[in-house]
Amino acid sequence: MASPNSLDVPIGIKIIQKSTFFCPRKTFNRNAWYRSSVVVLTFLTYMCYHMNRKPVSVVKSVLHRNCSAVDPNTPHNTDNWCDWAPFDQDDASTLLGLFDSSFLFAYAAAMFVSGLVAERVSLRYFLALGMILSGIAGYMLGIAKYYSIHSIPYFMLVQIFGGIVQTTGWPGVVAVMGNWFGKGKRGFIFGVWNSHTSIGNILGTVIAGYYVESDWALSFIVPGVIIALMGFINFLFLVPDPMDVGCVVPQQNRPEIKDKGDLSRLHSEGRPILPTDNEAKPVGFFGALKIPGVVEFSLCLFFAKLVSYTFLYWLPQYIKTSTSLGPAESADLSTVFDVGGIVGGIAAGIISDYSGKSASTCAVMLVVAVPVLQIYNLYGAHSLALNFGLLLVAGLLVNGPYALITTAVSAELGTHHSLQGNSKALATVTAIIDGTGSIGAAVGPLLAGVVSQWGWNKVFYMLMASDVLALVLLVRLVKREIRPPPSHADTWQV
């Protein structure tokens, strides 16, 4: 690991350090201050990543809609007075599915590489650059309206570019959080922190919904500007590693002490004052796969994210189709699913901390999610109140396992005892798990776009089958968690 180096300290932090240099140490807890800043900055960072990718699901409702229901006398500033070519044909659902999947497949493929890169570069630069480029991708989608761009290749290339640069987000923020926080109550901390995903979805929906009917270009451009500005703030203030500023290193991230020579290199509080001779080397892709549980949780997340991202990209369109609500109202109602996701992520984290059984926690939520999805399929459109309540519960159950696996479970596996204190696997493990899940996230919306042509009932059957498969993949881990430890009698008999 690198030693503290003034070159690694962000400019904004240097200014703050100078302003607090003469403060009495008792009134200024440096370690707590830096930890708090990391939590806030990483929370806002990934909130912006999701806010930036959410507008696509809202704008779909005006890229293709029932033109016979729109007043032809209303003035419009586009070449088409109603919907937007090339999404104005009978195969619009399939094209919109490809629009989603060009982003998501690029995201999934690049994620595996992104994790390996994140282990080898400064996470501050990694996140700042990724956020600025993500903002540019959003801007490029928005200007398609102003420049009357109706080219499918253009939309897909921009989405592919956006998917690639967005992969900087998750490995980056999870690695930073893993560097600063130990294992105690990690499920609760990550459960609360992971609400950034749902809050980002909500903000992205609200911002896009505000502009969608008047000027849908701004639905993309405004979130793009916000994420780029947040990237610059990270460049100024984010401290990726406690060692960069001489703070206490969490126990599982400390270098393994093999002799007195190594011990002499550590401050009494665990702060390294000299670089170790044997600097921890990043764990490779196949080495990370050998960590127990990585493969099972990765495949489970494939199906869990398939369900979650189908809701993320198609829920506003489904609500608009199945109810009498307009595009803006449908977008607003869809945020209830994300509110449920916030509660689900926190609940899953607390239950996992209390029980010590992450796989079992996910399994129970997946079991209950299946009938809830069927009830929403059958009765959700009957009334606004019922739609609201069922969406809240569905969001809790669908996003709970997804949130737990991508945060606390990934961080736990990335600092597994088999790594012998090497923290250089955290971003790689996170990228493998989330990358595998992201393939499912790409497949879900694409299939939904095709299957929805035969009725939304078929889409819900697909989602329920995915939850069942996610559950099956956890069976071996659940058995291991609930199996009682061997008694002394059993040991003697062996």
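Net charge of the neighbourhood of Phe311, taken over other residues with C-beta under 11 Å away and scored Lys/Arg +1, Asp/Glu -1, is 0. In this view, the solvent-accessible surface of Lys54, computed with a 1.4 Å probe and all protein chains in place, comes to about 10 Å².
Each Lys and Arg adds +1 at its Cβ and each Asp and Glu adds -1 at its Cβ; summed about the Cα centre, the range 347-483 shows a dipole of about 300 debye. Note on Ser195: accessible area approximately 10 square angstrom, rounded to 10, probe 1.4 Å, nucleic acids and ligands left out.
Using a probe of 1.4 Å on the protein chains alone, the accessible area found for Phe105 is around 90 Å². Overall form of the range 350-389: oblate. Here a/c, set by the Cα gyration tensor axes a ≥ b ≥ c, is 1.5 or more, and a/b is not larger than b/c. Taking other residues whose beta carbon is less than 12 angstrom from the beta carbon of Ser57, and scoring Lys, Arg as +1 and Asp, Glu as -1, yields +2.
Summarising the label geometry, the points placed 7 Å from Cα in the beta-carbon direction at Ser322 and Leu229 lie 3.7 nm from one another.
Local charge for Val478 was computed over the other residues whose Cβ lies under 13 Å away, with Lys and Arg +1 and Asp and Glu -1, and equals +3. Spin-label model, Val472/Glu213: points 7 Å from Cα along the beta carbon direction are separated by 4.5 nm. Each label was represented as a point 7 Å from its Cα along the Cα-to-Cβ direction; for Ala85 and Ser383 these points are 4.7 nm apart.
The values are calculated or read from the model by the stated rules, or taken from the named source; none is laboratory data. These numbers come from a predicted model, not from an experiment. Using ideal geometry, Cβ is built from the backbone for each residue, glycine included, and neighbour counts are taken over all protein chains shown. To get the accessible areas, we keep the full protein, side chains included, count just its heavy atoms, and leave off ligands, DNA and RNA. Shrake-Rupley method; radii C 1.70, N 1.55, O 1.52, S 1.80 Å.
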